[in-house]
Amino acid sequence: MAYQTPKLKAVSKAKHRILEKYFPAWARILGSRHEKLAYVDCFAGSGQYADGEEGSPLLILGEARKLVGNPKFRSRILAIFVEENSQAARELQSRIPTDLPDSVKAFVFHEDAHNFVPELLQALPENLPAFVFVDPYGRPLNIPLMNQLLQRPKTEIFLTLMWYAINMHLSNPKTEETITRMFGDKEWKQQPFMSQSCWDRETGFVDSFLGRLNAGFKLKFRIRFSPEDKVPGGDDRTKYYLVHLSNHAKAALLMKEVMYPLGDELGTFDYSATAQQRLFSETPTTEDLIQRLRENFAGQKVTFDELREKTWDWPFIEKHYREAVKTLEGKWEVRIERIESKKIGLKGKDRITFGGGS
Ligand SMILES: C[S@@+](CC[C@H](N)C(=O)[O-])C[C@H]1O[C@@H](n2cnc3c(N)ncnc32)[C@H](O)[C@@H]1O
């Protein structure tokens, strides 16, 4: 099929900002313990957008080059790009830098990801840490295949869940089989979301879809249409969700730190209010966190790391926890044993004893 280089829309930049921030942080953590890491871009694109912006493969290779340029980083990076469109795959191949460092290897496969990823699973060692980006225009990898990926001990998935495209197909008899393949069985047809509309349908579908994915930690970031999509009422409607799936609390905490500023109206990223949506539905304040900590941890003793891990799905990031716990310390409501940090700091292994309780 003819391939037209797409324009990079404002709403698509969010996924690139997340990739650029998360991938190097993930690689530094895993790279300290593993000789080799894999990045798999299942719907890779041609590597460049119409106005010259880099696509995900080139962004990742740029980050990989920076990583291995640091002598402290000892790991090798294997980047695998899968693209079904022959022209896009050819263009991507031609854009792969020819001067990559020896420790970064990039391979472009002109393949259908639905068939190719199962083969790849056979070829990649089970224990190889892998970050898998699933970024389709419509149907993602099928749920059973994503579950196979998530079963591997150190594999995580960053998924673009194209709600608006999938929704168009849910009630179309011609696409029924495709949706059944996506879910892995026909049960979706009996789900309440099929007879619902608007927000109920959307949340019902997303809950049902994510509920079938076997990941201990699921973070989602809702992206609305931007004005350039020219969709009626678009700035209030969901275009897609960015979803991070992992089985490690530390991965989820790291992703939360990366996603959070993107959703912050006052944050460092220059998105218009309509082009993005806060990660968290309400503006969380440190005072809210203080109250929740009092309610949930009275009488308990936990390290700072444990506190954040146990509450990974709360809408707060590290700076809020630090501020909240130190405020409680100032009020004599917690005692901090500083194991890792100096006089007034607060770090991972520091032990916090909450007052109260019976
Ligand atoms: C949203 S674009 C990818 C954008 C890219 N990840 C980026 O961020 O720059 C989706 C790409 O998936 C490709 N594609 C569609 N179906 C595919 C399949 N079954 N297997 C692999 N690639 C596919 C399309 O040709 C298109 O280039």
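The values are calculated or read from the model by the stated rules, or taken from the named source; none is laboratory data. Bear in mind that the values here come from a model prediction, so they are computed numbers and not experimental data. Positions of Cβ are backbone-derived with ideal geometry, glycine not excepted, and every protein chain shown enters the neighbour counts. Please note that ligands, DNA and RNA were not included when accessible areas were found on the heavy atoms of the full protein model with its side chains. Shrake-Rupley method; radii C 1.70, N 1.55, O 1.52, S 1.80 Å.
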- Task: Identify the single condition in (1) outside any strand (DSSP E or B); (2) open to solvent by 50 Å² or more (accessible area, probe 1.4 Å); (3) not hydrophobic (A, V, I, L, M, F, W, C) that LYS105 does not satisfy, given that it satisfies every other one.
- Result: (1)
- Matching entry among THR180, THR175 (being of a type in the set (Val, Ile, Thr), in the same structural domain as ASN214 (by TED's automatic domain parsing) and away from the ligand (no atom under 16 Å from the Cβ)): THR180
- Item | First in the range 319-341 and on the phi < 0 side of the Ramachandran plot, second anywhere and of a type in the set (Asp, Glu), Cβ under 7 Å, 6 or more apart | ILE336/GLU329; ILE336/ASP350; GLU337/ASP350; ARG338/ASP350; ILE339/ASP350; GLU340/ASP350; SER341/ASP350
- So PHE43 clears everything in (1) among the hydrophobic types (A, V, I, L, M, F, W, C); (2) within 12 Å of the ligand (Cβ to nearest atom); (3) under 19 Å from the mean Cα position of the chain (by Cα); (4) in a helix (DSSP H, G or I) except one condition, right? Which one? (4)
- Report, ordered by the first and then the second residue, all pairs with beta carbons closer than 6 Å, sequence separation of six or more or different chains, a first member in the range 100-121 that is touching a residue at least 24 places away in the same chain (Cβ under 8 Å) and more than 20 Å from GLU156 (Cβ to Cβ), and a second member that is charged (D, E, K, R) and within 14 Å of the ligand (Cβ to nearest atom). ASP112/GLU84
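Name the single residue, out of those in the range 76-94 being within 11 Å of the ligand (Cβ to nearest atom) and open to solvent by 10 Å² or more (accessible area, probe 1.4 Å), that is nearest to the chain's Cα centre (by Cα). Talk me through it step by step, then tell me what you get.
We begin by selecting, within the range 76-94, every residue within 11 Å of the ligand (Cβ to nearest atom); these are 81-89, 91-92.
With the extra rule that they be open to solvent by 10 Å² or more (accessible area, probe 1.4 Å), the set shrinks to 83-87, 91.
Details: GLU83: 20, GLU84: 23, ASN85: 25, SER86: 28, GLN87: 28, GLU91: 26 Å.
So, considering only residues that are within 11 Å of the ligand (Cβ to nearest atom) and open to solvent by 10 Å² or more (accessible area, probe 1.4 Å), the one nearest to the chain's Cα centre (by Cα) is GLU83.
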- Query: Which one of these does LYS13 not meet: (1) within 12 Å of the ligand (Cβ to nearest atom); (2) farther than 27 Å from PRO227 by Cβ; (3) not in a loop (DSSP other than H, G, I, E, B)?
  - Reply: (2)
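The rows are residues; the columns are (1) assigned to a loop (DSSP other than H, G, I, E, B); (2) farther than 30 Å from GLU20 by Cα; (3) in contact with a Ser or Thr (Cβ under 6 Å, 6 or more places away or on another chain); (4) at pLDDT 95 or above.
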site	(1), (2), (3), (4)
ASP264	yes, no, no, no
GLU323	no, no, yes, yes
ARG335	no, yes, yes, yes
GLY348	yes, no, no, yes
SER358	yes, yes, no, no
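Per-residue answers, yes or no, for (1) farther than 30 Å from ALA38 by Cβ; (2) of a type outside the set (Lys, Arg); (3) open to solvent by 10 Å² or more (accessible area, probe 1.4 Å):
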position: ASN127; (1), (2), (3): no, yes, yes
position: MET168; (1), (2), (3): yes, yes, yes
position: SER197; (1), (2), (3): yes, yes, yes
position: ASP200; (1), (2), (3): yes, yes, yes
position: LEU213; (1), (2), (3): no, yes, no
- Scanning the range 126-141 for residues that are out of contact with any Phe, Trp or Tyr (no Cβ under 6 Å at 6 or more places or on another chain), assigned to a loop (DSSP other than H, G, I, E, B) and within 11 Å of the ligand (Cβ to nearest atom) gives TYR137, GLY138, ARG139, PRO140, LEU141
